[in-house]
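> Right, I'll just put the structure down here and ask away after.
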Amino acid sequence: MNQNFLAQWNKLKQLASNETLMDLKSLFAEDSKRVNDFSFEVEDIFIDFSKNWLNSTVLNHLLDLSKYANLQDKINALFAGKNINSTENKPATHTAQRKQQASKQILQDRQTMFDVAEKYTSGQWLTAFGKKVTAVVNIGIGGSYLGPKLAVQALSELQTNNHIKIYFYPCVDDTALKSILNSIDLTRTLFCISSKSLGTIETIRNTESIDKLLQQTDGYKPESNQQSFVAATANIEKAADFNIPATHVMMFDHATGGRFSVWSSIGFPVLMAIGKKKFTEFLSGAEKIDKHFLETSIENNIPVLMALISVWYRNFMNLSAYAIIPYDIRLKNLPAWLQQLMMESNGKMIDINGKHLSFSTSPWLFGEHGQLSQHAFFQAFHQGKDVLPIDFIGVIEQKSESQDFLLINMLAQSAALMNGNDDGDEKQCYCPGNRPSTTILLKEMSASSLGQLLALYEHMIFVQSVIWNINCFDQPGVELGKRIARNIVEHMQQDNIKYMNLDQSTEQLLSRVLGASNVE
Ligand code: F6P
């Protein structure tokens, strides 16, 4: 931390002790222009920050903090393809993935994906049973699942290839597999192995089970134009181990992070659902936000503001959670996608120089569709002892009574959270109000506006990481659990839990899971 940054951090700490800054009603009373001053618009997105615990003094100090963190240089470095993923010594190329004028390699990879999709949808390529594809099953997890799943659901109304149904098979789970198998015709299904590394154990096991099933099914006869598997990966060498011909492998750049990869060939299920034109609009929508993020001054830069406000809550107000509440079933999977994006990127305690941080980083993020949440956990939002910032998201295009009802509910909730009530004698009904939130309105649920929304959050997460001085593009913590599981599996072959070097609790539970036979 440089001295200026530290001084600014301390200044913000002092400001945070000023109680009127945390009183929304006073903030509105003090500033008649507050709604205007704290509302911003970019492309199809309107965002109202006015129901948050801050005024222009706080905001200016947060903006100064970002200057002392060299934010603009870091943004420039991201777009210039510098090695900002310092631990892995590579750039982060998700913004390059969605450029219309991308590098030759990226354009070539994108074209390969378009060609594969076209050949299968047109019937030029068939499954290994010689049949036209009617379903795609995506075998992938984490970033190779959450982004595509979100986009397929969000853009369900735009599906051009309606005769092709899209399914997702992320976990190793017999029940999930049975349910997919009950819905598809195996002989007419294309399986997309989606994995940046092609080394993820869940994806490998699921591919093996599907492969076994296919081999046991009558008529399975892979040929050059008849394949039931394609792969989307950054590990071309490994693809050969899966016996997938090179023509059916859709490459993407290894410097595109898994959780930022929906723009690459990992977006194949989305492409199969909405077609090339809409998929291109999805990329262009994100590219519009990239331009906004790169070129707009920080005080009007929406992802910068989103990030700084989240830092204010996390580090100065000590709020440890963050909720994301879309009031639209099409965005039902947004919280799960954002959970990985924020928590896997920024849930870290070691900075880019290897030093332990003295402050907190990523909040715990959760969320659900608005009306479902209202009837589940909103009670705690209104009357719980803890407070958390909330992002409400609504789509305002459709004019219907039900749609209006939905959005009215969203606005009623944010108003109730802010205003509370102190009416009547019924003590139990008391709601304190003063609960902060941000409201995001999307003009429509088009491929472009979805691209815009996702890019906004991606850049928000990047800005958080710059302030916290962490690398948001690696995930070393996730490796530990994987290592222990690998160790158990290896020793299981030696048939003895005692050699696994586990703690007593895990040893006991494992012996129950595996049956007592493995314990001496
Ligand atoms: O959970 C860890 C992780 O490495 C994520 O970062 C990634 O999105 C996911 O596993 C899947 O990885 P892959 O695409 O390589 O199979």
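The values are calculated or read from the model by the stated rules, or taken from the named source; none is laboratory data. Just so you know, these numbers come straight off a predicted model, no measurement behind them. Cβ placement follows ideal geometry from the backbone for every residue including glycine, while neighbour counts extend to all protein chains displayed.
> Assess whether residue 123 counts as being among the small types (Gly, Ala, Ser), within 16 Å of the ligand (Cβ to nearest atom) and either closer than 30 Å to residue 9 by Cα or at pLDDT 95 or above (or both). Don't jump to the end; show me each part of the working.
Working: among the small types (Gly, Ala, Ser): yes; within 16 Å of the ligand (Cβ to nearest atom): no; either closer than 30 Å to residue 9 by Cα or at pLDDT 95 or above (or both): yes.
No, not satisfied.
> What's the number of the condition residue 455 fails, among (1) of a type in the set (Gly, Ala, Ser); (2) exposed (fewer than 12 other Cβ atoms within 10 Å of the Cβ); (3) at negative phi?
The number of the failed condition is (2).
> Quick one: in region 177-199, of everything that is surrounded by fewer than 19 Cβ atoms within 10 Å (Cβ to Cβ) and within 22 Å of the chain's Cα centre (by Cα), which residue is nearest to residue 246 (Cα to Cα)?
Across region 177-199, the extreme among qualifying residues is 197.
> Among the residues of region 235-248, write down those that are within 15 Å of the ligand (Cβ to nearest atom) and outside any loop (DSSP other than H, G, I, E, B).
Once the filter is applied, which keeps residues that are within 15 Å of the ligand (Cβ to nearest atom) and outside any loop (DSSP other than H, G, I, E, B), region 235-248 yields 236, 237, 238, 239, 241, 242.
Table: residues versus (1) more than 16 Å from the ligand (Cβ to nearest atom); (2) under 19 Å from the mean Cα position of the chain (by Cα); (3) not assigned by TED's automatic domain parsing to the domain that holds residue 441.
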{"position": "250", "(1), (2), (3)": "no, no, yes"}
{"position": "261", "(1), (2), (3)": "no, yes, yes"}
{"position": "264", "(1), (2), (3)": "no, yes, yes"}
{"position": "273", "(1), (2), (3)": "yes, no, yes"}
{"position": "306", "(1), (2), (3)": "yes, yes, no"}
{"position": "339", "(1), (2), (3)": "no, yes, no"}
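> Select from region 307-327 the residues that are surrounded by 21 or more Cβ atoms within 10 Å (Cβ to Cβ) and part of a loop (DSSP other than H, G, I, E, B) and list them in ascending order.
327 - this is the single residue of region 307-327 that is surrounded by 21 or more Cβ atoms within 10 Å (Cβ to Cβ) and part of a loop (DSSP other than H, G, I, E, B).
> From (1) crowded, with 16+ Cβ neighbours inside 10 Å; (2) under 23 Å from residue 163 (Cα atoms); (3) free of Cβ contacts under 8 Å to residues at least 24 places away in the same chain, pick out the condition that doesn't hold for residue 102.
Just one mismatch for residue 102, condition (2).
> A further question follows. Taking residue 255 and the conditions (1) touching a residue at least 60 places away in the same chain (Cβ under 8 Å); (2) in a helix (DSSP H, G or I), which numbered condition does it fall short on, given that it satisfies the others?
Tallying (1) touching a residue at least 60 places away in the same chain (Cβ under 8 Å); (2) in a helix (DSSP H, G or I), residue 255 fails exactly one: (2).
> From the residues in region 201-234 that are within 16 Å of the ligand (Cβ to nearest atom) and within 17 Å of residue 116 (Cβ to Cβ), which one is surrounded by the fewest Cβ atoms within 10 Å (Cβ to Cβ)?
Ranking the candidates gives 234 first.
> Could you list all residues from region 106-150 that are over 15 Å from residue 229 (Cβ atoms), touching a Lys or Arg at 6+ places or on another chain (Cβ under 6 Å) and buried (at least 21 other Cβ atoms within 10 Å of the Cβ)?
143
> Would you be able to say whether some residue in region 42-52 is assigned to a loop (DSSP other than H, G, I, E, B), over 18 Å from residue 470 (Cβ atoms), at pLDDT 95 or above and of a type in the set (Gly, Ala, Ser)? Spell out how you get there, then give the answer.
In the first step, residues of region 42-52 are kept if they are assigned to a loop (DSSP other than H, G, I, E, B); the result is 43-44, 49-52.
From what is left, the residues that are over 18 Å from residue 470 (Cβ atoms) are 43-44, 49-52.
Now restrict to residues that are at pLDDT 95 or above: 43-44, 49-52.
Among the residues that remain, those that are also of a type in the set (Gly, Ala, Ser) are: 50.
The answer is yes, given that some residue of region 42-52 is assigned to a loop (DSSP other than H, G, I, E, B), over 18 Å from residue 470 (Cβ atoms), at pLDDT 95 or above and of a type in the set (Gly, Ala, Ser).
> When residue 162 is evaluated against the numbered criteria (1) at pLDDT below 95; (2) in a helix (DSSP H, G or I), which criterion, by number, is the only one it fails?
(2)
> Continuing with the same structure: Name the single residue, out of those in region 403-443 being among the charged types (D, E, K, R) and modelled with pLDDT of 95 or more, that is surrounded by the most Cβ atoms within 10 Å (Cβ to Cβ). Steps first, answer last, please.
Here is the first cut: in region 403-443, the residues among the charged types (D, E, K, R) are 404, 422-423, 425-427, 435, 443.
Those still in the list that are modelled with pLDDT of 95 or more too: 435, 443.
Values: 435: 24, 443: 16.
Of everything passing the filter in region 403-443, 435 is surrounded by the most Cβ atoms within 10 Å (Cβ to Cβ).
> Within region 291-306, how many residues are of a type in the set (Lys, Arg) and either surrounded by 23 or more Cβ atoms within 10 Å (Cβ to Cβ) or touching a residue at least 40 places away in the same chain (Cβ under 8 Å) (or both)?
Going residue by residue through region 291-306, those that are of a type in the set (Lys, Arg) are 291.
Of the ones still in play, those that are also either surrounded by 23 or more Cβ atoms within 10 Å (Cβ to Cβ) or touching a residue at least 40 places away in the same chain (Cβ under 8 Å) (or both) are none.
Residues in region 291-306 being of a type in the set (Lys, Arg) and either surrounded by 23 or more Cβ atoms within 10 Å (Cβ to Cβ) or touching a residue at least 40 places away in the same chain (Cβ under 8 Å) (or both): 0 in total.
> Quick one: would you say residue 170 is assigned by TED's automatic domain parsing to the domain that holds residue 116, within 16 Å of the ligand (Cβ to nearest atom) and either loosely packed, with under 15 Cβ neighbours inside 10 Å or part of a helix (DSSP H, G or I) (or both)?
Numbers: assigned by TED's automatic domain parsing to the domain that holds residue 116: yes; within 16 Å of the ligand (Cβ to nearest atom): yes; either loosely packed, with under 15 Cβ neighbours inside 10 Å or part of a helix (DSSP H, G or I) (or both): no.
Here the answer is no, as residue 170 does not meet what is asked.
> Cβ-Cβ distance below 7 Å, separation of 6 or more or different chains: which pairs start in region 179-201 with a residue that is touching a residue at least 40 places away in the same chain (Cβ under 8 Å) and end on one that is in a helix (DSSP H, G or I) and near the ligand (Cβ under 7 Å from one of its atoms)?
Close Cβ pairs (under 7 Å, with a partner that is in a helix (DSSP H, G or I) and near the ligand (Cβ under 7 Å from one of its atoms)) amount to 193/203; 194/144; 195/144; 195/203; 196/144; 196/258.
Conditions (1) in a loop (DSSP other than H, G, I, E, B); (2) more than 23 Å from the chain's Cα centre (by Cα); (3) among the β-branched types (Val, Ile, Thr), marked per residue:
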{"residue": "83", "(1), (2), (3)": "yes, no, no"}
{"residue": "96", "(1), (2), (3)": "no, no, no"}
{"residue": "99", "(1), (2), (3)": "yes, no, no"}
{"residue": "112", "(1), (2), (3)": "no, yes, yes"}
{"residue": "116", "(1), (2), (3)": "no, yes, yes"}
{"residue": "119", "(1), (2), (3)": "no, yes, no"}
{"residue": "128", "(1), (2), (3)": "yes, yes, no"}
